[in-house]
Structures are given as structure tokens and as C-alpha cells.
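J.: Can you read through this structure? Questions will come right after.
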Amino acid sequence: MLHFQVNAAEVRKPQAGCQKGSRVGSADEFCATASTAPPASLSEQTLATAREVLAGRRRGLRASLAFAGPAVVASIAYMDPGNFATNIQGGAKYGYGLLWVVLLANVIAMLFQGLSAKLGIVTGKNLAEMCRDHFPRPVVWAMWVVSEIAAMATDVAEFLGGAIGLSLLFHLPLVVGMGVTAVVTYGLLMFEGYGFRPLELIIGAIVGVICLCYLLEMFIAPVDWASAAYHLVTPQIADSGALLLAVGIIGATVMPHAIYLHSGLTQSRVPVRNDVERHKVLRYSNREVIVALAVAGLVNIAMVMMASSAFHAGHPEVAEIETAYHTLTPLLGGAAAGIFLLSLIASGVSASTVGTMAGQMIMQGFVGFRIPIWLRRLVTMTPAFVVVALGVNATQALVVSQVILSIALPLPMIALIFFTGRRDVMGGFVDRPLTRIVALGGTAVVLALNAVLIVQTLL
């Protein structure tokens, strides 16, 4: 269980200030007098509202908002700097030609994030814990090692992205930008100590900033909407370079650590006592997944469209974030370039925060122990500093990190299908045959792309 989750028992305690004769009954009953003191924190208020909804005493938008948060937090992984790198390269070199890959990846992500959330809600355990409980010890350790490598690859993309944005915007050395990113990320992680809600709201606000930035970019960039719509639904791979980027886009979109994390965010966020309540929580969760991942998908589509509109015709060689920024200024103006950097910084800082949270949960779930958050932050960001120290091209490192993620991705996907398809684990919430077939198809797509990439690399 993630340590920022609030004990629901605290919410059910009578609050100070209840007058004599106040009614405090079962788990979903609260002090009925008007003088009852409000819950002491945002997280407790959210849980209190959720209990009211489950008891049938509250409906409407506020009821839905009480259950919103986990998918929004997970969605930031789908708008991280790795997406910027692969989408810029894809749009600049192949125009709108890889938009269908972005759409396909987002649909696969939506399905698997929904399954991950369901696993946590139904079982009360996250995916890493389920693997530890059901798989042989050597398999568990192997999965943990692969997951840690994927977490480090994730942080290379997220950490470098935020640092690149800061260094370009404020004309700082890249190493200084990395230092600032590290400090800001650690500061955000400190909000975990105040319960789950503050960090959910902060991440939600950052998602809003990223969305607003790309909405503005769509008004600035000269988009060919007809061509974009055609390529969104027409699969094509132009050459081997397009294949590499397709794998990178999938690796940047469907994130292993996000699949693990979502089950941890939902496993006891709103405690449930029976299947009726599980159905209600799951219904709200599915709605949130659809909305949050649809927004993330639109942002990714907008990234490719912006890069295609700005660079494909006259600057197809643009393959680096730094080059994209400097090229945007004369092409679309300083406003477009500044908006681009703002979204990149917001993406890098927030995604790095969420990645560290996921790393903690993965370690605790697989091997049963945790390390101090500052040490976790140090371990996962070290590879990014190594990349810079060795003089490796930062944007190319981002793309390679996404390919690594795509290769690591099938493990959690297969494990998730395995657990959500078992009646002894899920009971009446076991996957329907159609869901299972679609999930297996999504996994097969990832495996096939990875296989072709490996063969191509070896030959």
C-alpha cells in the first residue's frame, strides 16, 4: 500500500464538536448534527464524500470528483518528456504518418489502466504484491529487476525532459537544470505526507497546464486537419526508422510503471465492504480512466500534429527537443516556443514525481521493503546524470529509453491479464471473454513490434 493513503477508520471516527445525542453508527454513518466539525484534511473530506456516495446520499459532479484522482495521476506518465521526444521525431520526419500508432497505443493504455485499477479495487492489493503472492520466487525477483530497469529508463526521460526545458527557458547549463528539477520533484513528493488528495490535485493542475499549452499550440500551428484525420485511422510504416519510432511511441505511451502504480493508487483509496460498493467504485474508476486517458491521448496527438505542421515540410531533420524549440521561434513565433517549453517543464517535473512514487510501490510490492524517498530519488535519477556526463545526445537518450520501456512492457501486461482473468482472484469481477481477447491482442501487438525491432537490430 502506498504510504500516503489515509486510514478510512480515521474518517469514520466521530469528530470533535459533535453534540450530545449525535448519531454515529455503521461505517457509512457520520455525525448528523450541524455542529459536527469538518474532517481535518482534504483526504479525509474526500473519503467522507465517497462514503456518502456509496451510501446513496450524494450524487452529481461532486460525487464523481470524490473518486477522481488515481487515473489523473497515472495519466501524467502518458504525457511525459519521452512522449515529447518520440512525437517530435515522428511528426518532423514522417508528418502525420504515425498518428495511428499514437491512437492505437492510447487505446491499449486505456484498457490496461482500467484493468490495473480494477485489480486494486477488487483485491485490495497492487499488481506487484499479487505477483509476489502468486509467482515463484525466481520469477518475482526477475520481474522486480526488469521493473527497476524500466523505472530508471522512465526517469531518464522524465528527468532529462524537465532539465532540458529549464535550461532552455532560463539559459542554464543542463546540469543546473537537472539540479533544479531534482529539488522541485523532491518538494512535490513531500506532499505525500499530507494524504493522497493534495498530490492528486497538484498533478491534476499540472495536467491542466499541459493540456492548455497544447490547445494553444493547435491554434498557432497550421494543421492540415483532413490529412491528420486520414492518418489517424490508416496504419502505415514507411521504413525501419518509422518502426523504431512506432515502438518508441508505444513505449512512451503504455508505461510499465503506470500499470503497476494504478493498482496501488486504487487498492485502498476508498475502502469497500461488499460487492455492491465495489461495483460502484469500479464504475466511477472506469469513467475516470476513459476521460483521463482520452485527454492524454489528445495531448499526444496534438504533439505529433504540431511537430508535423511546423517541421515536416521544411525541417524534417528536426529530431531534438532543443532544435525543436529553436526552430519553433522563427517558424511560429516566440509564444509557441515558450508554450512548448512550459509544457515540457510541467511534464518532466510531474512525471518524475509520479515515477518515483511508482518505483517505491514496485519495490515494496515485489520484495517487501522500502527505502527513504530521498534515496529512491537519488537512485532513479543517477542514470540521467551519467547520460549527461558521458555527453550522450539527450533527446536520443529519451527515445532509446522509450524503446527499453516498450521491451519491458509485456511483463506487467501479461501478469495483469493473468490475474484479472482468474475467477479465484477476481470472483464475479473476472474479465469478460471479449475484454480478455482485446487485452491479449494489445499484448500481441507490443510483442510483435518488439520482436521485429530486435530482429532488425541484430541483422
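A short reminder: the numbers here are calculations on the coordinates, not readings from a lab. A quick note: this is a predicted structure, and the numbers were derived from the prediction, not measured. All Cβ positions, even for glycine, are placed from backbone atoms using ideal geometry, and neighbour counts span all protein chains on display.
J.: Could you tally the net charge around Val72, taking each other residue with its Cβ under 9 Å from the Cβ of Val72, Lys/Arg +1 and Asp/Glu -1?
T.: Details: positive: none; negative: Glu200, Glu288.
Charge balance in the 9 Å sphere: -2.
J.: Would you work out which of Pro372, Gly428, Ala451 lies farthest towards the positive end of the dipole of the stretch 336-459, given +1 charges on the beta-carbon of Lys and Arg and -1 on that of Asp and Glu, about the Cα centre?
T.: Gly428
J.: Could you order peptides 131-140, 441-450, 410-419, 277-286 by the average number of other Cβ atoms within 10 Å of their residues, highest first?
T.: The most tightly packed comes first, giving 410-419, 277-286, 441-450, 131-140.
J.: Would you grab the residues whose amide H sits under 5 Å from the one on Gly69? Only those 5+ places off in sequence or on another chain, please, with H modelled 1.01 Å from N.
T.: Residues meeting the amide H criterion: none.
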